[in-house]
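Structure first, commentary second.
The values are calculated or read from the model by the stated rules, or taken from the named source; none is laboratory data. Bear in mind that the values here come from a model prediction, so they are computed numbers and not experimental data. Positions of Cβ are backbone-derived with ideal geometry, glycine not excepted, and every protein chain shown enters the neighbour counts. Note: accessible area is taken over every heavy atom of the protein model, side chains too, but ligands, DNA and RNA are not part of it. Shrake-Rupley method; radii C 1.70, N 1.55, O 1.52, S 1.80 Å.
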Amino acid sequence: MSSGDAVWVTGLGAVTPGGWSAEETWDAVAAGKRFGQYLQRFPLFDAATRVGAPVPTLESAPLDGSHAIAFGQHAAREAMRHAGLGAEAGVDIAVVATHGERQMPGPGRPAQLGKVADIVGAVAETTGARRTTALYGACAGGALAVGSAAKLIRSGEADVVIAGGTDSLLREIDYFSFCSLYAMTARDCPPEEASCPFDANRDGFLLAEGAAFVVLESERHARARGADRLATIDGFGFSQNAYHMVASPPDALGPQYAMSRAVHDAELDPSAIDYINAHGTSTRDNDWCETLAIRQAFGNEVAERIPVSSVKGVLGHSMASAGAVETVLCVLALRDQIAPPTVNLVNPDPRCDLDYIPNGAREMKLDKIVNNSFGFGGHNASLVIGRG
Amino acid sequence: MREIANADDFSVVAALGADELPEDLVEYSKKVGQRPVRRLLDRTFYAPYVAAVELNRRFGQGDPERFALFTVSSWDPSVPVPDYAEVESEDRVERLSHFYTHPANPTDWLRRMPNNPICNIAITTGFRGPCMHYIGGADSLSMITSVAISTIADGTADVAMVVAYDMPDGEHHLLAHEGDSSAAAVVLAKGDGTRKAGQLVRSAANHPAGTTALAAMQDYIAATRTALVGGTT
């Protein structure tokens with residue numbers, strides 16, 4: 001780090017298919033549980049995909065109101081409590097990644113269930129945020145929100161920022177729209193096996209829902225109030241593919257740039273990275289493209305030494321919140337010195353040829369983690385998270 | 001993560017106000033955009049795309065690999081709702097499910113994504129630098145401008161473009177030819193120029209709540225227009 005004080009992570013909160021807290025989620029991920037299930041929440045008619053990963057207690061019936069608001073408020077409240085902050089004191093800024101939330105329209109029932117502004121406003125109310133912005137970066141949104149928040153702290157715009165994402169696209173319109181793009185898994189297998197990152201049989205992502213937030217603080221501010229340092233955001237890199245709205249770039253340059261820029265921003269040698277939390281969606285294209293990008297960013301020799309895993313085999317893909325969920329998990333991995341496994345990796349794909357931690361979590365020395373998130377629209381985001 | 005320097009060490013080196021957009025946005029897009037890009041623009045309107053591409057044409061500098069791109073708008077993703085959705089009937093849910101699962105055009109859903117312009121600007125210009133889209137008002141413009149400056153300060157980008165745009169608001173799902181949109185854009189670079197980038201950060205933050213990002217950027221461009229000899233760029 002060249003100058004100035006560090007950006008500390010001082011609070012965590014999450015709602016995922018693994019549970020209604022960061023710790024429950026981490027326990028489930030570290031244990032390699034799997035949350036894919038046949039979707040019972042609404043009639044699927046002739047949809048090709050039949051599976052999803054809903055948040056517990058909402059498997060068969062959704063809430064009347066917006067899930068994104070409920071999850072976002074719950075996770076933000078947990079993060080604030082964990083950081084020892086109350087809404088009355090408030091945070092300087094809330095950066096919230098979300099896609100908004102839609103429902104099947106009907107008489108007196110508008111399609112827009114949760115507008116972006118409503119979702120951001122709800123999180124702001126929970127956290128006492130004095131300034132707010134929404135971030136729309138598709139599946140990279142959560143990580144972009146965290147990186148963006150770190151930059152706002154480093155630029156002197158804020159001392160305390162709550163950043164993360166909340167999304168529930170496990171509603172009819174978005175579920176069916178993903179079906180129309182053939183982006184989700186449709187293969188014939190038990191639902192808990194449907195998401196299989198880096199496996200030769202992968203055929204699409206498992207749509208999930210949830211929220212996660214982290215409280216970020218300037219070191220100066222955190223020290224002054226005696227806050228615990230859970231981890232540090234040491235580097236942030238982001239890029240654009242400039243290639244296609246949804247397809248992964250064959251040259252893998254976009255994701256490569258994001259990782260290289262993050263490691264450079266952290267002023268680290270690539271060999272200093274202990275573990276990579278992959279975007280690893282279980283789609284045909286993402287997983288080999290990400291593998292190629294890791295090789296290009298780190299060089300073959302280093303890339304083959306760094307363990308890489310994707311938690312989406314456990315949790316599925318919760319879209320705008322995924323990068324924030326995985327930031328939370330990386331912080332807990334650093335705490336426990338455990339790299340989570342890639343579940344359902346049974347038949348290796350020759351194009352995905354790195355060490356993906358396939359057979360259960362791995363106890364190992366973890367000081368620096370790269371957390372990757374890539375999204376529709378060509379967005380790439382990588383964070384370097386340090387033990388501090 | 002590296003320290004971000006004083007925002008006033010950075011300047012607005014080029015600008016394109018909403019009043020300078022080419023008159024026929026569709027025609028302009030046809031000339032500069034590849035067909036797949038143009039197909040995706042009819043739901044997102046043309047103004048942000050045209051503003052960015054035209055400003056890049058006028059500015060004409062910068063390695064695309066190190067050109068950062070930031071966009072900000074108040075846009076909420078809209079959803080097409082067929083008329084029969086409003087009428088209670090036995091097969092309403094099944095018909096709607098089929099409508100969304102098998103749309104007339106499978107890319108229709110992608111066209112409604114608020115980050116559609118940023119993606120298509122990048123495809124046309126080749127920008128592969130840092131890239132981000134905020135949804136919000138004038139204060140979001142202030143914050144995203146700070147983030148844009150930080151990408152130059154930390155050495156990731158040589159220059160950064162910030163595009164602010166407005167879209168028609170409301171529940172109704174519109175096509176480009178059914179409503180107006182507008183946009184303005186600036187290019188930021190290191191240097192102690194006449195127009196301080198910090199001034200854009202501050203002035204956008206000081207606008208009253210409810211001011212759009214585009215209105216705040218347009219105010220800034222108008223207020224500083226005379227600062228450069230020979231016009232706005």
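Annotation: amide H of residue B:159 within the under-5 Å range of B:68, sequence separation 5 or more or interchain, hydrogens built in the peptide plane.
3J(HN,Hα) along the range B:127-140, derived from phi through the Karplus expression 6.51 cos²θ - 1.76 cosθ + 1.60 where θ = phi - 60°, amounts to 4, 10, x, x, 7, 7, 10, 9, 10, x, x, 4, 5, 5 Hz, with x in place of Gly and Pro. Ligands, DNA and RNA left out, the 1.4 Å accessible surface of the protein assembly as shown is 49% carbon and sulfur atoms.
The accessible-area loss of the range A:164-179 on complex formation, taken against its chain alone with a 1.4 Å probe, reaches 40 Å² or more at A:173, A:176, A:177. Amide H contacts for residue A:235 (H built 1.01 Å from N in the peptide plane; partners 5 or more residues away or on another chain; cut-off under 5 Å): A:384. Annotation: residue A:115 carries an accessible surface of approximately 50 Å², with a 1.4 Å probe and no ligand, DNA or RNA atoms counted.
Calculated [222 nm] ellipticity per residue, helices only, for chain A: -9000 deg cm²/dmol; basis is -39500 (n - 2.57) per DSSP H run with n ≥ 4, divided by all residues, nearest 500. Across A:350, A:358, A:340, mean-square fluctuation computed from a Gaussian network of chain A (C-alpha pairs under 10 Å connected) peaks at A:350. Projecting the Cα atoms of A:72, A:54, A:128 onto the charge dipole of the range A:7-224 (Cβ charges, centred on the Cα centre) puts A:128 farthest toward the positive pole.
3J(HN,Hα) couplings calculated from phi for the range A:171-182 with the Karplus curve 6.51 cos²θ - 1.76 cosθ + 1.60 (θ = phi - 60°) are, in sequence order, 10, 3, 4, 6, 4, 5, 5, 4, 4, 5, 8, 6 Hz; Gly and Pro show x. In chain B, Cα pairs under 8 Å separated by at least six residues give a relative contact order of 37 percent.
Quick check on the range B:88-149: take the gyration tensor over C-alpha atoms, sort the square-rooted eigenvalues as a ≥ b ≥ c, and tell me if it's rounded (a/c under 1.5), prolate or oblate. Taking the square roots of the gyration eigenvalues as a ≥ b ≥ c, the range B:88-149 is oblate.
Residues of the range A:128-145 that bury at least 30 Å² of accessible area when the other protein chains are present, relative to the chain alone (probe 1.4 Å, heavy atoms, ligands and nucleic acids excluded): A:131, A:133, A:134, A:135, A:136. For chain B, the residue among B:60, B:149, B:37 whose Cα projects farthest onto the positive side of the dipole built from Cβ charges is B:60. With all protein chains kept in place, the per residue accessible area of the protein assembly as shown amounts to 33 square angstrom at a probe of 1.4 angstrom. About the centre of its Cα atoms, the protein assembly as shown shows a dipole size close to 780 debye [charges on the beta carbon of Lys, Arg (+1) and Asp, Glu (-1) only; nearest 20 debye]. The relative contact order of chain A comes to 24 percent, based on Cα pairs under 8 Å that sit 6 or more residues apart. DSSP finds beta bridges in the protein assembly as shown, and of those with both partners inside it, around 70 percent are antiparallel. Each semi-axis of the equivalent ellipsoid for the protein assembly as shown is √(5λ) with λ an eigenvalue of the Cα gyration tensor; in descending order they amount to 33, 30, 23 Å. The antiparallel fraction among DSSP beta bridges confined to the range A:233-386 stands at about 75%.
Relative to the longest principal axis of the Cα atoms of chain B, the long axis of helix B:92-101 lies at roughly 50 degrees. What residues of the range A:71-93 lie in the reach of a label at residue A:225, counting those whose backbone N is under 20 Å from a point 7 Å from the Cα along Cα→Cβ? Zone members listed by number: A:73-93. Between A:60, A:318, A:373, the Gaussian network model of chain A with springs among Cα atoms under 10 angstrom shows the greatest mean-square fluctuation at A:60. Buried accessible surface for the A/B pair, both sides summed and rounded to the nearest 100, is 5700 Å² with a 1.4 Å probe.
When +1 charges are put on Lys and Arg Cβ atoms and -1 charges on Asp and Glu Cβ atoms, the dipole computed for the range A:233-386 relative to its Cα centre reaches about 280 debye.
Take every pair of alpha-carbon atoms less than 8 Å apart whose residues are at least six positions apart; their mean separation over the length of the range A:7-224 yields a relative contact order of 31 percent.
In the structure shown, the pairs A:151/A:368; A:312/A:368; A:33/A:151; A:115/A:312 are assessed against 24 Å; a Cα-Cα span above that value is assigned to A:33/A:151; A:115/A:312.
The H on the amide N of residue B:131, modeled in the peptide plane, is under 5 Å from the matching H of A:239, B:69, each at least 5 residues off or on a different chain. Here the 3J(HN,Hα) profile of the range A:24-37, calculated from phi with Karplus coefficients 6.51, -1.76 and 1.60 at θ = phi - 60°, is 4, 5, 4, 4, 5, 5, 5, 7, x, 5, 9, 10, x, 8 Hz, Gly and Pro shown as x.
Using just its DSSP H runs of length 4 or more, each adding -39500 (n - 2.57), chain B gives a mean residue ellipticity at 222 nm of -11000 deg cm²/dmol after division by all residues. In a simple Cβ point-charge model (Lys, Arg +1; Asp, Glu -1; nothing else charged), the range A:7-224 has a dipole of about 360 debye relative to its Cα centre. If you take the square roots of the eigenvalues of the alpha-carbon gyration tensor of the range A:233-386 and sort them as a ≥ b ≥ c, do you get rounded (a/c under 1.5), prolate (a/b over b/c) or oblate? Verdict is rounded for the range A:233-386.
For the range A:13-87, what class follows from the C-alpha gyration tensor (a ≥ b ≥ c being the square roots of its eigenvalues): rounded when a/c is under 1.5, otherwise prolate if a/b is larger than b/c, else oblate? Oblate, because a/c is 1.5 or more while a/b does not exceed b/c.
Could you identify which residue out of B:156, B:124, B:107 has the top mean-square fluctuation in a GNM of chain B using Cα springs shorter than 10 Å? Ranking B:156, B:124, B:107 by mean-square fluctuation puts B:107 first.
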